[in-house]
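Participant: Got a structure for you, questions after.
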Amino acid sequence: MRKTFSLLLTALALAAGAAHGATATLQETPALRTPSATHAMLLGAARAGDRIVAVGDHGVVLLSDDNGRQFRQAQQVPTRALLTAVHFVDARNGWAVGHHGVVLHTADGGETWALQRSDTGVDQPLFSVLFRDKQHGFAVGLWSLLLVTEDGGHTWRKQDVPAPPGGDKSDRNFFRLFAGADGTLLIAAEQGLVLRSTDQGAHWSYQQTGYKGSFWSGASLRDGTLMVAGMRGTVYRSADGGVTWSKVESGTASSVTDLVSTASGVAGVGQDGATIQGGADGHLHAHTRADRAELTAVVQAADGRLVSFSSHGVVAPE
C-alpha cells in the first residue's frame, strides 16, 4: 500500500498503542487559521446545500461557495484533532468526527463549530458520521465503536454490536456509515464485512460479501443500488438493500478511499491518482491522474462537477 491513505492504517496502529499504553489526558486546542490550510491533508467532504465542506488534519475545515473553485478556512474550529469525516442534514446543520473520539457540530453551514464530544484519555478514532435528521445520529470507528445520539449530539452513548461470524467479541473496525434509500443503515467494515440495520440502528447483522480485505467506503445510489469499495480497487454491489453482494470490476488495482452517489450513478477516488465512474448497473471505468495524487475524498458540486481532495489538500482538476 502506498503512502498516505495508509495513514488510515497508521492511525489504527497509533490508536491501538495509545489505548494499551499510558493514557495521558490531552487538552483540546483550537485549530490554527493559516494560509496553507488548502494544502492540509483532507480526509472527508460533504455538501451543505450548495456549499462544499472538507475536513482534515489539525482540525482544518475548508469551505467553498463556488462549486470547489476556491476554498477558505472556517472561522472557528475548537480542536486540532485529525478530522476524518463530515455529514450535513441540511444547508446549516452538520457534524464532523475524528481522532480522540471528537464530534463537532455546526449550525451555520460550517463557519463555526462547537465541540460536542472528545475522549482525550484514549485515542479511539471515529471514521464516519451520519444523521437521519437534526436529532438522530450515529458515528463509528475503531474496534467496533458505535455511538448513538437522540438529541442532536448533545449526548452520545456507546451501543453494543454483536460479535462477527466466527468471532467471540465485536472488534472489527468500522470505516464508513451510510444509509440506503429505504432507510436501511449500513457500515462498511474490515474483513469484507458489511453491517446492516433495518430498525434505525437498534439491531445490527453482518453480511458477508465473500471478500477478505477491508471496505473503506460506501454509497447509496439514487436508484437504491448500494456499493462498497476498498483495498486493491475492490468494489461490491448490492441490488437488494445490502442482503447479498456481488463483485464488480472497478478497472483499477489502486485502493478506493471514497465513493459518492452522482446524478449519473457513482464516482470514486483512490490511491495513485485513481478515479472511477459508472452507472448503477456496476459498469465502471477507471482513470489515473497524471500527478498520481493520493486521493482521499470526492464530492459532487451543485453544478455537477466532481471535486476531489488528497493528502496534500484540494486537488486541481485535470
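Since every read-out is calculated from the coordinates, none of them should be taken as a lab result. Every value quoted in this text rests on a predicted model; they were computed, and no experiment measured them. Note: ideal-geometry Cβ built from the backbone for every residue, glycine included; neighbour counts use all protein chains shown.
Participant: Over all alpha-carbon pairs in the stretch 115-158, figure out the percentage whose distance exceeds 16 Å. Please report the intermediate quantities before stating the final value.
Facilitator: Values: 300 of 946 pairs.
Counting every Cα pair in the stretch 115-158, those more than 16 Å apart make up 32 percent.
Participant: Now for a different question. Explain nothing, just the number: dipole magnitude of the chain about its Cα centre with +1 on each Lys and Arg Cβ and -1 on each Asp and Glu Cβ, in debye rounded to the nearest 20. Don't skip to the answer; put the middle values down first.
Facilitator: On the way: 26 positive and 29 negative charges, 86 e Å.
Using Cβ point charges on Lys, Arg, Asp and Glu, the chain gives about 420 debye.
Participant: Got a sec to turn the phi values of the stretch 37-45 into Karplus ³J(HN,Hα) couplings, 6.51 cos²θ - 1.76 cosθ + 1.60 with θ = phi - 60°, whole Hz, x for Gly and Pro?
Facilitator: Result, rounded to whole Hz: 4, 5, 9, 6, 5, 10, 10, x, 8.
Participant: Starting from the Cα-Cα distance between residue 108 and residue 72, subtract it from 0.36 nm times their residue separation and give me the gain in nm to one decimal. Don't skip to the end; give the middle numbers.
Facilitator: Details: separation 36, 0.36 × 36 = 12.96 nm, distance 1.50 nm.
Working it through step by step, the gained length comes to 11.5 nm.
Participant: Taking +1 at the Cβ of each Lys and Arg and -1 at the Cβ of each Asp and Glu, which of 304, 146, 278 sits farthest along the dipole of the chain towards its positive end, judged by Cα position relative to the Cα centre?
Facilitator: Farthest along the dipole direction, towards plus: 278.
Participant: Which one of 229, 286, 96 has the biggest mean-square fluctuation once the chain is modelled by GNM with Cα springs under 10 Å?
Facilitator: 286
Participant: If you stretched the chain out fully between residue 222 and residue 303, how much longer would it get, using 0.36 nm times the residue separation minus the C-alpha to C-alpha distance? If you can, show how the numbers build up before the last one.
Facilitator: Numbers: separation 81, 0.36 × 81 = 29.16 nm, distance 1.73 nm.
Between residue 222 and residue 303, full extension yields 27.4 nm more.
Participant: Counting only helical runs of four or more DSSP H residues, what would the 222 nm mean residue ellipticity of the chain come to if each run contributes -39,500 (n - 2.57) and the total is spread over all its residues?
Facilitator: Details: 1 runs with 14 residues, N = 318.
The per-residue figure over the chain is -1500 deg cm²/dmol.
Participant: Let me ask something else. Rounded to the nearest 20 Debye, what is the dipole magnitude of the stretch 123-184 about its Cα centre when Lys and Arg each give +1 and Asp and Glu each give -1 at the C-beta? Don't jump to the answer; show the numbers that get you there.
Facilitator: On the way: 7 positive and 8 negative charges, 17 e Å.
I would put it at about 80 debye.
Participant: A further question follows. Of the cross-linked pairs 158/247; 134/158; 169/212, which ones have a Cα-Cα span greater than 22 Å in the structure shown?
Facilitator: Numbers: 158/247 33 Å; 134/158 19 Å; 169/212 18 Å.
Check vs 22 Å cut-off fails for 158/247.
Participant: Considering just Cα atoms, how many Å³ per residue does the convex hull of the chain enclose?
Facilitator: Values: hull volume 37.7 nm³, N = 318.
Cα convex hull per residue, to the nearest whole number: 118 Å³.
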